[in-house]
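Okay, so here's the structure we're looking at.
The values are calculated or read from the model by the stated rules, or taken from the named source; none is laboratory data. Treat the numbers as computed from the prediction; the structure is a model and nothing was measured. Here the Cβ positions follow ideal geometry from the backbone for every residue, glycine too, while neighbour counts run over all protein chains shown. The accessibility values were calculated without ligands, DNA or RNA, using every heavy atom of the protein model including side chains. Shrake-Rupley method; radii C 1.70, N 1.55, O 1.52, S 1.80 Å.
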Amino acid sequence: MLYFQRAYLADEALPHDEIDDLFEKLQPVQPPPSLIQRILNSVNQLPRHPLAQQPQSPLSLDSGAMDDIDGLDSLVVRKEGLPPS
Amino acid sequence: MQIQHRRTKGQVPEISDGVLASQTLAGDQHAFEVLVQRYSTPLFNFICHFLGDYDQACDISQQVFLQLYISLPTLRTGEPLKAWLFQVARNRCLDELRRKRAIHFSELESTSDDDELSPLAAMPDESPLPEELAERHDLQLCLQRAIQALPPKFRSVVVLRYANQLSFSEIGRVLKMPEATAKTYFQRAKPLLRTALASERPVVPAC
């Protein structure tokens, strides 16, 4: 049986009691081994994100790099007749 | 350009949620798989302990990650996804409780042995248990029933605390409440847990 560490309680200013002792014995429930694949299979049935459908160069891993990708323009509906803002 | 890594104790630095989200948006399905592997077990634990239903936990876990995939373009990639995922999971659980509310009352008068609601009941048990294992199994059922006896707002805090081992600060972020409120809910849940446990395990005195 796995018993959780009590470290997560150490820095909390709450008194420790017998209820905490009992619930420290609460076992984690393991998901079925097939759950991850089931999730991925269902996600694979969804349409790809618009950005993923565009042929593009390898991405940098900077979270701000998304703004530099020309593919984002495809998400913007252009109204050519309007004056520039 | 920086690669955002998150270092876990004793392990090589792992790629942050934000980077994985960005990679997923760019078409890297393996990146999304990493996110699923990272959060599927803790989310499943939360959902399973919250609802007390193993099969429902599978379904709702799947829904949460579908929601994640759909919502990726709108999420802020600079922050961990943990709080958002648990929020969605909690909301889905509440939806499920509301849906079952009309049915639940009729089931209250069924057999007092609620094993069919227990996640442990879904585990195959084909051999006789030694006495010690049987006692431990019984304890898990008691703890699960005590959790199920809590009103939803207390149940969220208790499950995040005991099953997911979140700090009250993290619980507050997940449930979008002040840390002090999370502590208050937790403390208010204790007498209810004590009462529920005392009805099954006389060694724990009721308040």
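Non-local amide H neighbours of B:Thr77 (under 5 Å, H modeled in plane, Pro and chain starts lacking H): which ones? Amide H neighbours of B:Thr77: none.
For the residues of A:16-27, the average number of beta carbons from a partner chain within 10 Å of their own beta carbon is 6. Chain A against chain B buries an accessible area of about 4800 Å², both chains summed, 1.4 Å probe radius. Remark on B:Ile15: its backbone amide H falls under 5 Å from those of B:Arg6, a criterion applied only to residues 5 or more positions apart or on other chains, H modelled at 1.01 Å from N. The dipole here belongs to segment B:133-196: it is taken about the Cα centre, uses +1 on the Cβ of Lys and Arg and -1 on the Cβ of Asp and Glu, and is about 240 debye. The order of the peptides B:61-70, B:190-199 by mean Cβ neighbours within 10 Å, most packed first, is B:61-70, B:190-199. With 21 Å as the limit, the listed pairs B:Lys100/B:Lys190; A:Lys25/B:Lys100; B:Lys82/B:Lys176; B:Lys153/B:Lys190; B:Lys82/B:Lys190; B:Lys82/B:Lys153 have B:Lys100/B:Lys190; A:Lys25/B:Lys100; B:Lys82/B:Lys190 beyond it between alpha carbons. Each residue of segment B:38-55 was assigned a 3J(HN,Hα) from its phi angle through the Karplus expression (A = 6.51, B = -1.76, C = 1.60, θ = phi - 60°), giving 5, 10, 5, 5, x, 5, 4, 4, 4, 5, 5, 6, 5, 8, x, 9, 5, 5 Hz with x at Gly and Pro. Go through B:Gln29, B:Cys58, B:Trp84 and say which Cα lies farthest out towards the positive end of the charge dipole of segment B:10-85; charges sit on Cβ, +1 for Lys and Arg, -1 for Asp and Glu. Highest projection toward the positive end goes to B:Trp84. Here the 3J(HN,Hα) profile of segment B:162-167, calculated from phi with Karplus coefficients 6.51, -1.76 and 1.60 at θ = phi - 60°, is 7, 7, 10, 6, 7, 6 Hz, Gly and Pro shown as x.
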